[in-house]
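Below is one structure, written out as structure tokens, with a few remarks after it.
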Amino acid sequence: MTAQARSRIPGAVPETPVSSGKLNVERIRADFPILKLNVAGRPLVYLDNAASSQMPQPVIDRLVRYQTEQHANIHRGVHYLSETATAAYEESRRKIQHFINAREDREVIFTSGTTEAVNLVMHGFGRKFLTAGDEVILTTLEHHSNIVPWQMLRDEKGIKIRVVPINDAGEFLIDEYEKLFNERTRFVGVMHVSNALGTVNPVKAMIAYAHARGVPVLVDGAQAAPHLKVDVQDLDCDFYAFSGHKLCGPTGIGILYGKAVQLERMQPFKGGGDMILSVSFEKTAYNAIPYKFEAGTPPIAAAIGLGAAVDYLLALGMDAIATHEHELLEYATAQVSGMPGVRIVGTARHKSAVLSFTIAGVHPHDVGTLLNQDGVAVRTGHHCAQPVMQRFSIPATSRASFAFYNTMGEVDALVAGIRNVQKVFG
Amino acid sequence: MADPKALYQEVILDHNRKPRNFGTLSQASHTAEGHNPLCGDHITLALELRGDAIEGIAFQGESCAICKASASMMTAMVKGKTRQTAETLIKEFRDMATGALDVGQGDHHLGRLTVFAGVRDLPTRVKCAILPWHTLHAAFNSVSSTSTEAGDDPMHAPIGDA
Ligand SMILES: Cc1ncc(COP(=O)(O)O)c(C=O)c1O
């Protein structure tokens with residue numbers, strides 16, 4: 001870490017470790033204009049990356065270039081701009097195909113985000129193939145976006161939802177999962193990495209177990225795609241969902257990967273233009289995948305921006321990103337777990353860059369407001385995972401979540417901020 | 001903009017640590033529940049009204065310091081007062097928290113409650129401060145002594161949905 005980085009954080013202790021240096025974090029930070037902001041008179045310490053991560057200049061530039069030189073509607077015109085925009089949009093699809101190692105580009109569907117991707121699967125697969133009494137397995141860790149759609153299906157069809165419990169560390173045990181299977185099990189929805197606790201789930205083994213029983217699996221990868229190397233063929237998942245805005249890309253765009261065999265037998269989710277081959281009032285023939293699931297004009301700029309974001313991450317290397325974030329998490333965990341009155345919620349053996357914690361006697365919302373006064377941005381609340389909060393009998397936590405552009409000095413700022421909270425409430 | 005640090009003043013921290021009128025009432029005539037799903041704040045308010053007089057008031061629940069201190073100071077303020085006085089305070093407090101009332105300028109009866117003026121610069125915390133007051137308003141309008149009326153509370157929905 002450079003002297004300049006150190007001086008950002010007043011009171012940074014000399015023993016702050018230096019990261020192993022696979023990433024040149026100071027140079028990377030220069031790519032992110034927003035990280036130069038001051039908040040409440042202090043340098044911004046942005047530790048809310050699990051909610052939304054920041055966008056580097058090359059992605060911003062790509063959006064500007066699209067909008068200034070390439071914009072037109074796609075798949076519709078024979079003119080120059082429409083062809084340029086269509087080519088850029090489809091090129092972005094192929095970038096994402098390679099990012100997750102999908103077999104074919106038509107297995108990559110642009111959605112508005114993870115939430116829409118899950119809803120697409122619920123409508124396209126669940127409403128078509130599930131009937132009363134069928135069972136869907138979810139986990140206690142799920143984000144509301146992978147719970148509520150299935151409850152809607154339950155209310156509509158009379159399916160049953162079974163939930164894998166978690167232990168005190170925030171992990172679920174694979175045999176608890178296996179016990180939930182029976183002859184009515186038709187579908188599994190599981191998150192790859194928990195947004196509330198950081199737990200990395202053994203999805204590959206879970207998928208193998210489900211497939212041995214002919215049960216397809218949807219993986220919510222919203223918190224995994226930004227931090228780990230994702231290989232959908234190696235996982236062998238049927239569906240994989242993630243969001244652009246957590247991946248240094250734009251909001252309003254996300255991905256549903258689906259195996260071609262699944263997507264082809266599913267029904268469309270939304271009806272409209274682009275998703276049809278021919279329409280008459282008697283009969284409409286649907287387009288081939290992926291277009292069958294991309295009705296109407298998509299967020300073209302955002303889709304192209306997501307392609308640029310993926311380029312940016314791949315240039316850094318997902319392994320180097322994971323290594324640096326792991327060092328941040330280890331350092332933060334060591335620092336915070338030593339603080340009296342502070343409890344880390346979520347202590348799984350395999351964790352990604354999330355540190356959820358509570359401070360004795362202080363509500364997380366007060367923690368968040370006070371940390372903000374030190375320029376430190378964390379998320380406080382239930383993290384759209386109320387069943388997880390119920391499991392730990394707490395209303396909410398404060399959550400610091402890291403990205404590859406965070407520094408050890410910023411961890412120090414978090415720790416100093418927590419100390420200040422304790423002083424105010426002392 | 002007021003220094004948000006000023007929000008966590010000693011008065012507020014003290015009411016958070018030792019909330020007044022914390023508990024239940026054996027003789028409650030009106031109750032209501034207030035809930036802020038955004039941060040999980042949840043309070044139950046019980047009133048003992050005799051005619052228009054607030055003979056007793058108590059609250060319970062789990063909430064952040066801002067909400068708890070606001071509830072504690074509210075109960076201390078309205079106890080022994082009339083319903084009309086409390087309704088006036090509800091309106092003034094709400095106006096102060098949302099920035100419609102500048103406590104340095106206009107006429108008001110908020111007294112020590114002006115320590116909450118700083119929340120208007122923290123939009124996500126405005127609801128925390130107002131929740132007890134909305135719940136009091138709901139309790140006045142509850143028809144029985146059970147809390148199941150909370151769902152019909154006209155002030156409940158705007159808080160919950162925001
Ligand atoms: C694990 C997980 N799943 C799903 C979502 C929903 O993502 P989005 O709001 O982008 O649709 C999030 C983000 O909050 C998440 O963390």
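Read-outs: derived from the displayed coordinates by stated rules, not from any lab. Since the structure is predicted, the reported quantities are computational estimates derived from the model, not experimental observations. Cβ sites come from the backbone with ideal geometry, for glycine too, and all protein chains shown count toward neighbours.
Structure notes:
- Amide hydrogen neighbours beyond the local backbone of A:S352, cut-off 5 Å, H modeled: A:T199, A:V200
- Quotient of Cα Rg and 2.2 N^0.38 Å for region A:62-314, N being how many residues it contains: 1.02
- Per-residue packing, averaged as other Cβ atoms within 10 Å, sorts the ranges A:226-232, A:154-160 into the order A:226-232, A:154-160, beginning with the highest.
- Projected label points at B:T114 and A:D105, each 7 Å from Cα along the beta carbon direction, are separated by 6.6 nanometres.
- Links that overshoot a 18 Å alpha carbon limit, given the list A:K204/A:K351; A:K95/A:K270; A:K128/A:K179: A:K95/A:K270; A:K128/A:K179
- Evaluated over region B:4-152, the Cα radius of gyration and Dmax, each in Å: 14.2, 41
- When every Cα-Cα distance of region A:281-426 is counted in 5 angstrom steps from zero, the calculated P(r) takes the values 2, 8, 15, 16, 14, 11, 10, 8, 6, 4, 3, 2, 1, 0, 0 percent.
- More than 26 angstrom apart: percent of Cα pairs within region A:149-299: 36
- Surface/4 estimate of mean projected area, convex hull on alpha-carbon atoms of the protein assembly as shown, nm²: 30.7
- A Förster radius of 35 Å, combined with the Cβ-Cβ distance separating B:L13 from A:N167, puts the computed FRET efficiency at roughly 0.45.
- Length released on extending from A:L37 to A:D61, taking residue separation times 0.36 nm less the Cα-Cα span: 6.7 nm
- Listed by Cβ neighbour count within 10 Å, with the fewest neighbours leading, A:R419, A:R162 appear as A:R419, A:R162.
- Kyte-Doolittle mean at least 1.6 and Cα axial length at least 15 Å: DSSP H helices in chain A: A:300-316
- Footprinting exposure proxy for A:S393, A:S243, A:S278 (fewest neighbouring C-beta atoms within 10 Å first): A:S393, A:S278, A:S243
- Computed magnitude of the charge dipole of chain A (debye, nearest 20; Cβ of K, R +1, Cβ of D, E -1): 420
- Inter-label distance, nm, simple model (7 Å from Cα along the C-beta direction), B:E55/A:R127: 5.7
- For region A:271-339, the Cα-based Rg and Dmax, in that order, read 22.3, 69 Å.
- Paramagnetic label zone (point 7 Å from Cα along Cα-to-C-beta, A:H211; backbone N under 19 Å) in region A:225-262: A:229-241, A:257-262
- Think of each Lys and Arg Cβ as +1 and each Asp and Glu Cβ as -1; about the Cα centre, that makes the dipole of region A:362-420 roughly 240 debye.
- When A:Y291, A:Y46 are sorted by how many other C-beta atoms sit within 10 angstrom of their C-beta, beginning with the fewest, the order is A:Y291, A:Y46.
- Amide H within-cut-off set for A:D134, under 5 Å, with H built and near neighbours excluded: A:K160
- Within region A:48-67: backbone nitrogen closer than 17 Å to the A:H144 label point (7 Å, Cα to C-beta): A:51-52
- Per-residue shielding of B:122-131, expressed as the average number of other chain Cβ atoms within 10 Å of the residue Cβ, stands at 2.
- A cysteine counts as unpartnered when no other cysteine's C-beta lies under 4.7 Å of its own; in the protein assembly as shown this applies to A:C237, A:C248, A:C384, B:C39, B:C64.
- Sites matching chymotrypsin sites (Phe, Trp or Tyr not before Pro) across region A:79-171 that sit in DSSP coil, with at most 10 neighbouring C-beta atoms within 10 Å: none
- Region A:197-280 - Kirkwood radius from inverse mean 1/r over Cα pairs (Å): 14.7
- Treating each Cα of region A:368-426 as one equal point scatterer and applying the Debye formula with no solvent, the log10 of I(q)/I(0) at q = 0.15, 0.16, 0.17, 0.25 Å⁻¹ comes out as -0.52, -0.59, -0.65, -1.03.
- In nm, spacing of pseudo-spin labels at B:K91 and A:A334 (7 Å Cα→C-beta vector): 6.1
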